[in-house]
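Participant: Once you've had a glance at the structure underneath, I'll fire off some questions.
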Amino acid sequence: SSAVLAADYAIAARLGRFLLIGKQALSQLLAPRLGAFFGQKDKFAAAAEFKIVRTVGAAFAIFGAIGVLLFGEWVTGWFCDTCYNAYPVLLILSAAFIMNTAFGSAEDYMTMAGHAGWNLALSTISTAVMIILCLILIPKMGGEGAGLAVLSAFVVRGVSMIVAIRKLDGIV
């Protein structure tokens, strides 16, 4: 891809990562608390804690995405005069990061619940989905294709982890 396309994607990806701040900060609290609940064999308390943190993280991401909608085009213009395509990519990546937070820190839950192997397998599958979609979509759509590949991978990962948690632990 061209240098301009790479710059557009890089700017959008870095700005979009701000939407994950809530989830990442709360994950630092969630993982040890989940470990304590699982140590006490209380998976229902762990699930309740997970749902609270997921909701708060998603709220942060949604409010951040509103900021992206309102100010994203203006902010992406700060970085270069030719980065006209960073904003559409940022919008797609914002949807990806909202999906990532909407599924919560399922990877923390899976690891603390003793399902690290499942966590690795499902993350590997979602990474493969992203790589395949990047190979298909980037030549056709550019940065937007890369954003769609990331969005799709997050959805595949989130859905598969939530299904696995339900099957393995009986937690919805």
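Participant: Would you confirm whether any residue within segment 46-54 is modelled with pLDDT under 90, out of contact with any Phe, Trp or Tyr (no Cβ under 9 Å at 6 or more places or on another chain), more than 26 Å from ILE138 (Cβ to Cβ) and open to solvent by 70 Å² or more (accessible area, probe 1.4 Å)?
Facilitator: Taking every residue of segment 46-54 in turn, at least one turns out to be modelled with pLDDT under 90, out of contact with any Phe, Trp or Tyr (no Cβ under 9 Å at 6 or more places or on another chain), more than 26 Å from ILE138 (Cβ to Cβ) and open to solvent by 70 Å² or more (accessible area, probe 1.4 Å).
Participant: Any idea how many residues of segment 111-122 are open to solvent by less than 40 Å² (accessible area, probe 1.4 Å) and modelled with pLDDT under 95?
Facilitator: 3
Participant: How many residues does segment 57-91 contain that are part of a helix (DSSP H, G or I), open to solvent by 60 Å² or more (accessible area, probe 1.4 Å) and farther than 22 Å from ILE138 by Cα?
Facilitator: Going through segment 57-91 one residue at a time, the tally reaches 8.
Participant: I'd like the residue in segment 20-62 that is touching a Gly at 6+ places or on another chain (Cβ under 9 Å) and aromatic (Phe, Trp, Tyr) and, out of all such residues, is farthest from VAL4 (Cα to Cα).
Facilitator: PHE38
Participant: Let me ask something else. When you go through (1) closer than 27 Å to LYS167 by Cα; (2) assigned to a helix (DSSP H, G or I); (3) free of Cβ contacts under 8 Å to residues at least 40 places away in the same chain one by one for LYS41, which number turns out not to apply?
Facilitator: (2)
Participant: If LEU148 meets every condition in (1) within 18 Å of ALA13 (Cβ to Cβ); (2) over 16 Å from the mean Cα position of the chain (by Cα); (3) of a type outside the set (Asp, Glu) apart from one, which number is that one?
Facilitator: With (1) within 18 Å of ALA13 (Cβ to Cβ); (2) over 16 Å from the mean Cα position of the chain (by Cα); (3) of a type outside the set (Asp, Glu) applied to LEU148, the lone miss is (2).
Participant: Out of (1) assigned to a helix (DSSP H, G or I); (2) surrounded by 20 or more Cβ atoms within 10 Å (Cβ to Cβ), the odd one out for GLY104 is which?
Facilitator: GLY104 satisfies every listed condition except (1).
The values are calculated or read from the model by the stated rules, or taken from the named source; none is laboratory data. If you're wondering where the values come from, they're calculated on a predicted model, not measured in any experiment. Backbone-built Cβ (ideal geometry, glycine too); neighbour counts: all protein chains shown. For the accessible areas, the whole protein counts, side chains as well, though only heavy atoms, and no ligand, DNA or RNA atoms are used. Shrake-Rupley method; radii C 1.70, N 1.55, O 1.52, S 1.80 Å.
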